[in-house]
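Down below is the structure, laid out as structure tokens.
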Amino acid sequence: GQVVYSIAEETERGASVGNIAKDLGLDAATLSARKFRMITGSSKQYFNINASSGALSVNEPIDREQLCELKSACLLNYELVLEKPLEIYRMEFKVLDINDNSPSFPLSEYHINVPEFLSPGARFTLPNAQDLDEGTNSVQNYTLSPDEHFHLEMQTRGDGSKYPELVLKKALDREQQATHRLVLTAKDGGNPPKSGDVPVIVTVLDTNDNAPEFEHSVYRASILENSPSGTLVVQVHATDLDEGPNGEVRYSFSNTTSAELQRMFLIHPHTGEVTVNGVLAVQRPLLEMLIEARDNGAFGMSSTAKLLVEIADVNNHGPEITITSLSSPIPEDAVPGTVIALLSVMDKDPGENGKVTCQISDNLPFQLKPSLENYYSLVTSELLDRELVSVYNITITATDLGSPPITTQKTLWVQISDVNDNPPVFSADTLDVFVEENNPLGAFLYQVSASDPDMGENGRVSYMLRNSTVAGSALASFLSVSLANGSIYATRAFDFEQLRSFYFQVEATDNGSPALSAAITVNVYISDQNDNAPAILYPTSQNGSVAVEVVPRLADEDYLVTKVVADDEDNAQNAWLSYHLVQASDSTLFRLAPHSGELRTTRSLRTTDFLKHKVVVVVRDHGDPPLSSTVTVGILLADTLPQALPDFDDNGVPPPLLNATNIYLIVSLACVSCIFAAFLLSLAIARL
């Protein structure tokens, strides 16, 4: 927050400036409780704040010219610091100029020597008046008392500054009047305006009619503020077209140059070299002087040039670190961005030498953030953990931008207070538990364990199952967990064929306030037992009858009779099946593949083979102990599917070669053949 006030200089003590509480949106009643204080770099306290109302008033009248000298803008900076919570506001006071100073001239009177032979239009530099006020309250114009020989004109130098010149408008006659007394008046732009006068005495001289001329109207130079005495600043040069003594030029500082600057610098009267004389004890970065060049004529003529000297600052002041406010200890659950301390970092050097960078070590969970001008806030940059570090040694390093830079350090000790910020921690996010099916009720499955680095009740852990369902039933109907030690027990027997795996979560909660918790996912895998016999899927029998397969009467060797297909609900080796031929009406006629269950002929069938066969196949798993199932397959040797299947329940006795069915077939074939032959005979007779 920042608020700007404007106040006229010389405002009397006790005058109201504003209400800081209203302007900053603060509760005036809390100012005293929050230990407000005003901080300023000024040597005087110019303002007061009423603690009960927040009213801001003048404590001491301000003299703008004494406080800011020749600065165009006069500013006073204050910081208002409040605690609980820590806040800082910046107040800026613009000191407004009033017209309380009249223009004045450095000398009580000025003398100008004017050769009488000069033609109208000749010009003579007049002194500049000085006014400590600024803006329109400073010198705005000059006037000259009426005179028939002279008038006043304003001129502009190369740097834009203006100065008055006395212009000869009518030729002089020394024999008629040797001296002219004029009055130069300088007026400012105040309301009402103020003015200052100085007598200008013009003496009409004879002879020397050329004044020295400088090579430049404005000279510029730059030196270091710690330059030793005798250091050359600049060399000025002026020429005079006259000959002899009238053309010899002597250099000096103009009377309008302040006595302070004339003590700091020397100018050689013959060479024009300007050198340092003593210590450059000035606060202004730019010094302005006027140098006069005068010839040695009987009536010496002169001209002036402006010398601007820039004082380059050297880095001779180190940064100053001030701890304005510090909060310690701080809780370890402080959020990132929490303000720990407020620092003021100042450097008395101007410019780059006064600019300061401030930093702390990168391996700390803190950082410095610029606040207001020359202020930094020390804030947390990440979460703190008292269990890891309980106290921090923070070294603040301030370095200016000078060459070489100057560094200052200051150390802070910040303690961390404990809170319940550590939840219980399991050694892994998940774990796998294996249990055999058909387990007894109450069987112990596993014990989970979580640790908590907090102390006392904050570190005491209890366990519980998180609500969930397994196969449509509540988890509690399957498992239970010990509240104290995390032991997990089964509350029912598991069946691998119905439920092969499931998962659940165990939650560990500490006894802190508020309580913190963590969970671990437990994957339960149910191991299979050989509790299911193989199931015959093909061939199948209905109503207890034998399954029948029809094979061509003269089938070739390796003919596929059928394939026994079976399944076992168990898993792994308990479901690995093998096929065995345990009984056959003719053991030399058929063979059974032990892995695929394919029943094939071992040779080509003959007409002498029995038409009906029966085999018994056993399907066995690889469990321990193994379980098995059997299937009986009837095999009929025929080229076509009969209308009625024969009975295979005669324990494999081979049928007679000529049964009723075969006799019927032979008789029917003979009858058809006879009828066809009679038909052909009748047809032949008819044609003959």
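Observations
- About its Cα centre, the dipole of the chain is roughly 1880 debye, where the only charges are +1 on Lys and Arg Cβ and -1 on Asp and Glu Cβ.
- Long-range amide H partners of LEU224 with built H, under 5 Å: ALA312
- Percent accessible area from carbon and sulfur atoms, the range 425-527, protein chains only, probe 1.4 Å: 50
- Portion, in percent, of the accessible area of the range 320-417 that falls on carbon or sulfur, probe 1.4 Å: 49
- P(r) weight above 17 Å for the range 306-428, C-alpha pairs, percent: 62
- Sequence ranges 663-673, 353-363, 122-132, ranked by mean other-Cβ count within 10 angstrom, highest first: 122-132, 353-363, 663-673
- Helical mean residue ellipticity (222 nm; -39500 (n - 2.57) per DSSP H run of 4+; nearest 500) of the chain: -2000 deg cm²/dmol
- The chain: angle of helix 660-687 to the longest principal axis, Cα-based, in degrees nearest 10: 80
- Three principal axis lengths of the range 213-312 [C-alpha, angstrom, descending]: 42, 21, 20
- Enclosing the Cα atoms of the range 9-129 in their convex hull gives a volume equal to 141 cubic angstrom per residue.
- Accessible surface of the range 1-40 [probe 1.4 Å, protein heavy atoms]: carbon and sulfur percent: 46
- Size estimate for the range 425-527 follows the Kirkwood approach: the inverse of mean 1/r over distinct Cα pairs works out to 14.2 Å.
- Remark on the chain: CYS358, CYS671, CYS674 stand apart, with no other cysteine beta carbon under 4.7 Å.
- Accessible solvent surface per residue of the chain, calculated while the other protein chains remain in place, 1.4 angstrom probe, Å²: 54
- Measuring against 24 Å, Cα to Cα, the residue pairs LYS22/LYS84; LYS22/LYS369; LYS348/LYS410; LYS71/LYS306; LYS169/LYS194; LYS369/LYS410 contain LYS22/LYS369; LYS169/LYS194 as the ones spanning a longer distance.
The values are calculated or read from the model by the stated rules, or taken from the named source; none is laboratory data. Everything numeric in this text was worked out from a predicted model, so none of it was measured. Every residue, glycine as well, gets a Cβ built from its backbone with ideal geometry; the counts of neighbours run over all protein chains shown. With ligands, DNA and RNA removed, areas are computed over all heavy atoms of the protein, side chains included. Shrake-Rupley method; radii C 1.70, N 1.55, O 1.52, S 1.80 Å.
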